[in-house]
1. Looking at (1) assigned to a helix (DSSP H, G or I); (2) open to solvent by 30 Å² or more (accessible area, probe 1.4 Å); (3) within 14 Å of chain A (Cβ to nearest Cβ); (4) hydrophobic (A, V, I, L, M, F, W, C), which is the one condition that is false for B:Leu145?
2. The conditions are (1) farther than 30 Å from B:Arg133 by Cα; (2) surrounded by fewer than 19 Cβ atoms within 10 Å (Cβ to Cβ); (3) out of contact with any helix residue (DSSP H, G or I) (no Cβ under 6 Å at 6 or more places or on another chain), and B:Val58 fails exactly one of them. Which is it?
3. Within segment B:191-211, work out how many residues are in a helix (DSSP H, G or I), within 13 Å of chain A (Cβ to nearest Cβ) and open to solvent by 20 Å² or more (accessible area, probe 1.4 Å).
4. Please give the number of the condition B:Ser217 fails out of (1) facing chain A (nearest Cβ under 8 Å); (2) in a helix (DSSP H, G or I).
5. Looking only at segment A:50-80, filter to residues that are open to solvent by 20 Å² or more (accessible area, probe 1.4 Å) and touching a strand residue (DSSP E or B) at 6+ places or on another chain (Cβ under 6 Å); which one of those is farthest from A:Ile124 (Cα to Cα)?
6. In segment B:177-225, how many are in contact with a Ser or Thr (Cβ under 8 Å, 6 or more places away or on another chain) and of a type in the set (Lys, Arg)?
7. Which of the residues spanning segment A:187-197 are free of Cβ contacts under 8 Å to residues at least 24 places away in the same chain, under 22 Å from the mean Cα position of the chain (by Cα) and open to solvent by 20 Å² or more (accessible area, probe 1.4 Å)?
Amino acid sequence: MRFTTTKAFVLCAGLGLALTACGEAGNSGGGDVDVDVAKDAASSFADGSRMKELAEDGKITIGVKFDQPGIGFKGATDDQPQGFDPEVGRILAASLGIESDKIVWKETISDNREPFLQAGEVDIVIASYSITDERRKVVGQAGPYYVTGQQLLVAKDSSISTLADVKGKEVCSVTGSTSLDNIKKEGAVPRGFDTYSECVDQVVDGAVDAMTTDGAILMGYAAEQPDALKVAVDPFSEERYGVGYSKDHPEMCQWIVDALKKSQDDGVWAKAFEATLGKSGVETPTPPSADACS
Amino acid sequence: MDAVFSNFDEYLKAFSLTIALFVVSGIGALVFGTILASFRVGPVPLLRGFASLYVTLVRNTPLLMIFVLFAIGGVRIGWNFKFVEDIEVFGWNASAFFVRSCIALTVYTSAFVCEALRSGVNSVDLGQAEAARAIGLPFMKVMTLVVLPQAFRAVIGPMTSVIVALIKNTSVAAAFGMAEATATMRIFTNNNADERLGIFLMFAIGYVVIVEVVAFSSYALERKMKVAR
């Protein structure tokens with residue numbers, strides 16, 4: 001991400017088109033994709049619904065990850081998170097008539113997503129949040145808006161090429177994650193770390209044999225260090241990313257589903273993908289259709 | 001709580017790893033901390049200086065940072081302790097991750113053991129050491145035969161607090177590749193978001209049980225060691 005920005009800057013400066021061309025390339029205000037912000041959105045929602053309250057406040061709090069390049073990432077000096085999840089957040093906010101700079105981004109880690117939603121710390125969670133039956137018992141999850149699968153990230157010269165090769169090997173991921181649990185079932189020794197970046201360092205340093213999590217996240221890291229790392233093994237699980245909302249506001253489900261559908265139909269979803277995850281070289285997939293709201 | 005009971009072997013395995021971390025680094029910290037305390041009260045200025053510098057540095061550094069130093073920083077410069085994986089003791093061999101965690105916990109806890117013990121040494125009547133020296137015992141013998149046994153007896157209470165803190169500090173290893181109790185609890189809550197509270201309670205009880213076992217043994221020891229003054 002940072003590299004491409006630098007490259008774009010050098011290119012622009014070199015061509016002497018500095019001001020006019022580069023003005024658009026920066027993303028000072030918000031995301032990488034222009035989203036049409038709905039006008040007078042409040043009137044289109046039913047009285048008493050959470051969406052109307054949010055639209056009238058003109059402010060929404062969204063929980064995203066800060067440590068997953070491509071998905072949801074915020075560097076120490078960035079003022080806005082970048083990635084596919086924040087883009088989806090901007091799409092949803094826009095449908096409420098909320099500008100990108102009025103979104104309050106809050107970092108959520110895997111452990112605190114349900115508690116944050118239940119306590120009202122965040123209005124929605126878009127944080128590589130796989131839809132599961134257990135989670136749907138405590139919070140609402142609308143979607144999926146993206147489907148990925150678990151893969152492995154290994155050193156460039158690693159001998160691991162199939163899933164069977166991980167038997168007895170040390171594989172790291174984030175402590176407590178589903179990915180770690182899954183790889184343990186394949187016979188690997190699970191090694192949990194607090195963040196994905198620490199785990200990537202362990203692979204680079206040779207302290208563990210591989211890292212595992214959703215392919216989308218791994219591709220982001222492989223793209224950052226193509227000489228040292230590669231993604232191995234076909235996806236061996238299905239993770240359906242959904243948008244989390246509080247059970248206190250079940251009406252939010254239909255709004256999320258409708259807004260996602262609209263962005264898929266008008267091509268904004270695809271643009272958001274190309275600007276984020278698409279940069280690691282994967283083709284833009286066909287958007288998944290969301291589950292019906294009950 | 002169903003999640004815990006239906007995976008009870010996982011629960012027990014997690015706590016055995018917690019206990020293993022505690023026992024290994026506890027013994028390490030008691031041994032190294034005692035050596036440090038002897039340095040601090042000993043006659044060699046260089047060793048005195050080293051021990052007090054060590055205590056100052058380590059006691060003022062958060063445990064998490066010491067973990068980062070040994071489990072992430074050390075690995076980067078090649079101190080990965082991989083060689084331990086080839087050593088087998090009674091058919092059991094430790095992983096490099098286990099060793100790195102134990103080193104971090106030992107390094108940290110030693111400073112506290114040293115200080116607790118030093119206060120015990122100070123409580124030993126000066127005449128005791130002088131008498132031992134008067135009959136011609138060298139420093140090592142004065143410490144091991146006369147001073148330290150009395151010092152240990154005097155600090156059973158504070159030493160228990162240091163050990164109890166160590167039990168709970170093992171949970172930091174959850175973020176450094178150890179699937180001990182806290183890490184396993186996180187897997188449980190991640191897979192069973194609807195049973196968060198029950199899972200938390202079950203793991204909290206596990207820690208309470210271990211701490212209480214240590215506390216009760218310490219009370220028993222204290223009663224046994226009590227001397228009339």
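The values are calculated or read from the model by the stated rules, or taken from the named source; none is laboratory data. No experiment lies behind these values; they were computed from the predicted model shown. Ideal geometry is used to build each Cβ from the backbone, glycine not excepted, and the neighbour counts take in all protein chains shown. Accessible surface areas use protein heavy atoms only, side chains included; no ligands, DNA or RNA. Shrake-Rupley method; radii C 1.70, N 1.55, O 1.52, S 1.80 Å.
1. Result: B:Leu145 passes all but (3).
2. (3)
3. The first filter runs over segment B:191-211 and keeps only residues in a helix (DSSP H, G or I), leaving B:191, B:193-211.
Imposing the further condition that a residue be within 13 Å of chain A (Cβ to nearest Cβ) reduces the set to B:191, B:193-200, B:203.
If we keep only those that are open to solvent by 20 Å² or more (accessible area, probe 1.4 Å) as well, we get B:191, B:194-197, B:200.
Total satisfying the criteria: 6.
4. (1)
5. This residue is A:Phe73.
6. 2
7. A:Asp194
A quick yes/no check of all residues on (1) within 14 Å of chain A (Cβ to nearest Cβ); (2) open to solvent by less than 20 Å² (accessible area, probe 1.4 Å); (3) in a helix (DSSP H, G or I):
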{"position": "B:Phe97", "(1), (2), (3)": "yes, yes, yes"}
{"position": "B:Val107", "(1), (2), (3)": "no, no, yes"}
{"position": "B:Val113", "(1), (2), (3)": "no, yes, yes"}
{"position": "B:Arg118", "(1), (2), (3)": "no, no, yes"}
{"position": "B:Glu130", "(1), (2), (3)": "no, no, yes"}
{"position": "B:Ile167", "(1), (2), (3)": "no, yes, yes"}
{"position": "B:Met178", "(1), (2), (3)": "yes, yes, no"}
{"position": "B:Ala183", "(1), (2), (3)": "yes, yes, yes"}
